[in-house]
Amino acid sequence: MASHPRGLTAPRGTGSDTAAPPTVVVENLVRGYGPKGVLNGVDLQIAPGEFVALLGPSGCGKSTLLRALAGLDAAVSGSGRIRVPDNVSVVFQDSRLLPWASLITNVTLGQHERRSRERGSEALAEVGLAGREKDWPHQLSGGEAQRVALARSLVRDPSLLLADEPFGALDALTRLKMHDLLRQLHHRHRPAVLLVTHDVDEAITLADRVVVLDHGRIALETRVALDDDRDPSGAEFAQVRRHLLGALGVRRTPTQHHTERESA
Amino acid sequence: MTAAVATPPDVDEPSTLTVDERPVRRRLGLGPRRRGAAALGPVLLLVLWVAGSLTGVLDPRTLSAPWTVVSTTGELLADGRLQANLLVSTQRAALGLFLGVTVGVALALLSGLSRLGEALIDGPVQIKRAIPSLALLPLLILWLGIGEQMKVLTIALGVFVPIYLQTHAGLRAIEARYVELAQTVRLARVAFLRRVIIPGALPGFLLGLRFAVTGAWLALVVVEQINSTSGIGYMMELARTYGQTDVIVVGLVLYGLLGLVSDGAVRILQRKALSWQVTLAD
């Protein structure tokens, strides 16, 4: 793969085919002009099957980038080049289930092949909600609703999965379970993933590569070269976390924190 | 105040305290609900009616006795006049309702889903809304005569306004995030209507339908008392010329029942169709 226009190392797919053309290509993407532009020239490539986490503080433009890739920003001015595959699935922060439709109808929304009902049931089973086809969305907990949203995105067999803080509204325990689920699903279906998050640990746990966005520009890209069993208390994990927190402008170490508290 | 309240509680043995020491305030709320209390007013009215008729305070020429009304209902049923008039009235109301609902929904969809439609339709409907349907009656009589067309059209004109307003409002209240979702799953236009727009606007439509049903009976009363030769209104109008207050009361009761039953039917429809909603009432 050719070197990145910004001189950064080109991403590699997580394993087999490094020669395959990238699934996503973003070149010099600008959204909103002037000194207050939301995106000020972003370049990004995502390889087939690669899991990329897009990290950044609120208002850094990460959702804008995701919405641009999802084709949901027709009303926003800007320029640049985007290439995405045809079958893109989007998971939002809210589960966005139609409240008036049963779970199976929600999952198969927009699918018209005859087999889509079967595949919808399979997808529900895959996210641990087998047999719940006829339930209404209001009968679900927040975590379950987000599982259905994942099932809805999988049924489409996406080459690219865009996830906009999908676990941001869940409690901490549910979030951990959802991390496991998403890793399993990614392992099985291998779509390229762009996960927008502001949770550093979530990014390290899930992603092959973490991209830090700041003031509408990519401030840092780092590959997470950890094995599959990512233990947040491990030394390597802590090192990546420190690196990323530094890029995000959080430089306080735990010991300093401790001292400050004691002197207060 | 009781003596127990004045005594300070025993700090060492709080478990021996048996006196409820909650401070008593004057209650400003309504107090608990009593069963069957809703029937009190109507029953009292009936008792007054019976008493007035028995003692002769109520002249039969002013208001017939309750038992006369009951026996008159029996007679009207026996000679078939009641059924025949009820059928005609129901047909008029149903036809007007059907026409009004169809037009109201069609206009709401056109105006709700296209900017051009809104520009063309919404203004005229708002103007129509400001004119009571019954005020159009003289014009409609001139145009259509005093036949069935005029009657059905008057009812339809009263019906389509609430249907349009509520359906349009329901449609416009559909959250943008669902439209966004429909875009991301690439929903085709027809599927978008079927899966998002119609179910999303349904609560508004059903609310409009409740207004519409009541409005249909209201309009019916008026059109049937003008130059009509059949229907409940005609039956009542005829009774007026003969001074038969019992027949008039039968008509009134009938109108009331029709209104109640049809509103109840729409409410059941509402409950069934909106079973996905969890509301305050559940």
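So the values come out like this:
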{"item": "Simple label model, 7 Å out from Cα along Cβ direction - B:Q126 to B:A188, nm", "result": "3.7 nm"}
{"item": "Spin-label pair B:L136/A:L176, simplified geometry with 7 Å Cα→Cβ offset, distance in nm", "result": "6.7 nm"}
{"item": "Long-range HN-HN contacts of A:V91 with modeled amide H, under 5 Å", "result": "A:L162, A:A163, A:D164"}
{"item": "Ranked packing of B:132-140, B:245-253, most packed first, by mean Cβ within 10 Å", "result": "B:245-253, B:132-140"}
{"item": "Karplus-derived HN-Hα couplings along the stretch B:41-53 (A = 6.51, B = -1.76, C = 1.60, θ = phi - 60°), whole Hz, x at Gly and Pro", "result": "x, x, 5, 4, 4, 5, 4, 4, 4, 4, 4, x, 5"}
{"item": "Alpha-carbon centroid distance for the pair the stretch B:59-105 / the stretch B:181-230, whole angstrom", "result": "26 Å"}
{"item": "Carbon + sulfur, % of accessible area of chain B - ligands and nucleic acids excluded, 1.4 Å", "result": "67 percent"}
{"item": "GNM flexibility winner over chain B from B:R129, B:R33, B:R210 (Cα, springs under 10 Å)", "result": "B:R33"}
{"item": "222 nm mean residue ellipticity, helices alone, for chain A (DSSP H n ≥ 4; -39,500 (n - 2.57); rounded to 500)", "result": "-10000 deg cm²/dmol"}
{"item": "Volume per residue of the C-alpha convex hull in chain A, rounded to whole Å³", "result": "158 Å³"}
{"item": "Highest-fluctuation residue, B:Q225, B:Q270, B:Q126 considered, GNM on chain B with Cα pairs under 10 Å", "result": "B:Q126"}
{"item": "Peptide A:92-100 - average C-beta neighbours from other chains (10 Å radius)", "result": "5"}
{"item": "For the protein assembly as shown, share of DSSP beta bridges that run antiparallel, in % to the nearest 5", "result": "50 percent"}
{"item": "Vicinal HN-Hα couplings computed from phi for the stretch B:220-231 (Karplus, 6.51 cos²θ - 1.76 cosθ + 1.60; Hz; Gly/Pro x)", "result": "4, 3, 5, 5, 7, 8, 10, 6, 9, 10, 7, x"}
{"item": "Total accessible surface hidden between B and A, rounded to 100 Å², 1.4 Å probe", "result": "1800 Å²"}
{"item": "Cα centroid of the stretch B:137-179 to Cα centroid of the stretch A:46-107, whole Å", "result": "42 Å"}
{"item": "Estimated FRET transfer efficiency when R0 is 51 angstrom, pair B:L218-A:E122 (beta carbons, to 0.05)", "result": "0.40"}
{"item": "Carbon plus sulfur fraction of accessible area for the stretch A:95-157, probe 1.4 Å, in percent", "result": "44 percent"}
{"item": "Per-selection metrics, the stretch B:203-271 (Cα): Rg and Dmax in Å", "result": "14.3, 47"}
{"item": "For the protein assembly as shown, size of Cβ-based charge dipole, Lys and Arg +1, Asp and Glu -1, in debye", "result": "1180 debye"}
{"item": "Accessible area in the full protein assembly, largest first, 1.4 Å probe, for A:W136, B:W143", "result": "B:W143, A:W136"}
{"item": "Per residue solvent-accessible surface (Å²) - the protein assembly as shown, probe of 1.4 Å", "result": "56 Å²"}
{"item": "Extension gain from B:I198 to B:L116, taking 0.36 nm per residue of separation minus the Cα-Cα distance", "result": "27.5 nm"}
{"item": "All-pairs Cα distance distribution in the protein assembly as shown, expressed in whole percent, bin size 20 Å", "result": "16, 32, 25, 20, 6, 0"}
{"item": "Heavy atoms of A:H187: accessible area, 1.4 Å probe, square angstrom to 10", "result": "120 Å²"}
{"item": "J(HN,Hα) series, the stretch B:204-217, from Karplus relation 6.51 cos²θ - 1.76 cosθ + 1.60, nearest Hz, glycine and proline x", "result": "x, 4, 5, 5, x, 5, 5, 4, 5, 4, 4, x, 5, 5"}
{"item": "Top of A:A235, A:A47, A:A207 by mean-square fluctuation, Gaussian network on chain A, Cα under 10 Å", "result": "A:A235"}
{"item": "Alpha-carbon radius of gyration plus Dmax, which is the widest Cα pair, for the stretch A:95-157 in Å", "result": "10.1, 30"}
{"item": "Partner chain coverage, peptide B:192-204 - average Cβ within 10 angstrom", "result": "2"}
{"item": "Formal net charge of residues neighbouring B:G104 (Cβ-Cβ distance under 12 Å; K, R +1; D, E -1)", "result": "+2"}
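The values are calculated or read from the model by the stated rules, or taken from the named source; none is laboratory data. Remember, predicted model here, so these are calculated numbers, not experimental data. Please note: Cβ atoms are built from the backbone with ideal geometry, for glycine as well, and neighbour counts cover all protein chains shown. Surface areas here come from the heavy atoms of the whole protein model, side chains and all, with no ligands, DNA or RNA. Shrake-Rupley method; radii C 1.70, N 1.55, O 1.52, S 1.80 Å.
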